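Just below is one structure, and these are the notes that go with it.
The values are calculated or read from the model by the stated rules, or taken from the named source; none is laboratory data. Just so it is clear, the model here is predicted, and its values are computed rather than measured. We place every Cβ from the backbone using ideal geometry, glycine too, and count neighbours over all the protein chains shown.
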Amino acid sequence: MAQTCCGTPYYISPELCRGEAYDSKADVWALGCVIYELCALQRSPPTPAPAQPTSPHPSSLPHRVSRPFNGANLHAVVMKICTAEPIPLRRVPKLAPELAALVDRMLCKESPHRVSAAQCLVDPFIQEHARRLNLDADLGGGGSGGEDVLGQSQAFQVY
């Protein structure tokens, strides 16, 4: 377990925010944050839509989704990472519910319950899209052309 802290504050995992030891699942958290931003299809920070009435509950405004955890300063971002839930990606129109569910699992606040990189790679949604891109041999799909990324004879392994 590592105990150093570096990186973009918006992508820091809850265990890092709490000063706890962390492992590769902290990287899964960071990747989940990046994928969240890509799925939200918004610049960060978000800009409010012009001339629309504001709702008392910000999660009812899909156009305001950008980062999973925003704040006015570092302390506010850390507090949101540790305590708040992001606006669910399932509210983003035309986003595959399987991808939204995978990102939810990547952003699980408790590291032991968060998916690992290996689990992400064998997720059915990722496997299906890897096959479409002809990457199945590289992502554990059993295609022709060498060992999969989860095999022991690869030059690198996912832990």
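Examine the stretch 40-48 for a residue that is assigned to a helix (DSSP H, G or I), under 17 Å from the mean Cα position of the chain (by Cα), surrounded by 15 or more Cβ atoms within 10 Å (Cβ to Cβ) and modelled with pLDDT of 65 or more, and state whether such a residue exists.
yes
Could you say whether any residue in the stretch 104-112 is modelled with pLDDT of 90 or more and surrounded by fewer than 15 Cβ atoms within 10 Å (Cβ to Cβ)?
First pass over the stretch 104-112, keeping only residues modelled with pLDDT of 90 or more: 104-112.
If we keep only those that are surrounded by fewer than 15 Cβ atoms within 10 Å (Cβ to Cβ) as well, we get 110, 112.
Yes, the stretch 104-112 contains a residue that is modelled with pLDDT of 90 or more and surrounded by fewer than 15 Cβ atoms within 10 Å (Cβ to Cβ).
Could you list, in sequence order, all residues of the stretch 17-29 that are farther than 16 Å from Ala84 by Cβ and of a type outside the set (Phe, Trp, Tyr)?
Gly19, Glu20, Ala21, Asp23, Ser24, Lys25, Ala26, Asp27, Val28 - these are the residues of the stretch 17-29 that are farther than 16 Å from Ala84 by Cβ and of a type outside the set (Phe, Trp, Tyr).
Looking at (1) surrounded by 15 or more Cβ atoms within 10 Å (Cβ to Cβ); (2) in a loop (DSSP other than H, G, I, E, B), can you tell me which one Lys94 breaks?
Only one criterion is unmet by Lys94, namely (1).
If Ala72 satisfies all but one of (1) at pLDDT below 90; (2) among the hydrophobic types (A, V, I, L, M, F, W, C); (3) in contact with a helix residue (DSSP H, G or I) (Cβ under 6 Å, 6 or more places away or on another chain), what's the number of the condition it fails?
Of the numbered conditions (1) at pLDDT below 90; (2) among the hydrophobic types (A, V, I, L, M, F, W, C); (3) in contact with a helix residue (DSSP H, G or I) (Cβ under 6 Å, 6 or more places away or on another chain), the odd one out for Ala72 is (3).
Can you confirm whether Arg131 is modelled with pLDDT of 95 or more and either part of a helix (DSSP H, G or I) or surrounded by fewer than 19 Cβ atoms within 10 Å (Cβ to Cβ) (or both)?
It is false that Arg131 is modelled with pLDDT of 95 or more and either part of a helix (DSSP H, G or I) or surrounded by fewer than 19 Cβ atoms within 10 Å (Cβ to Cβ) (or both).
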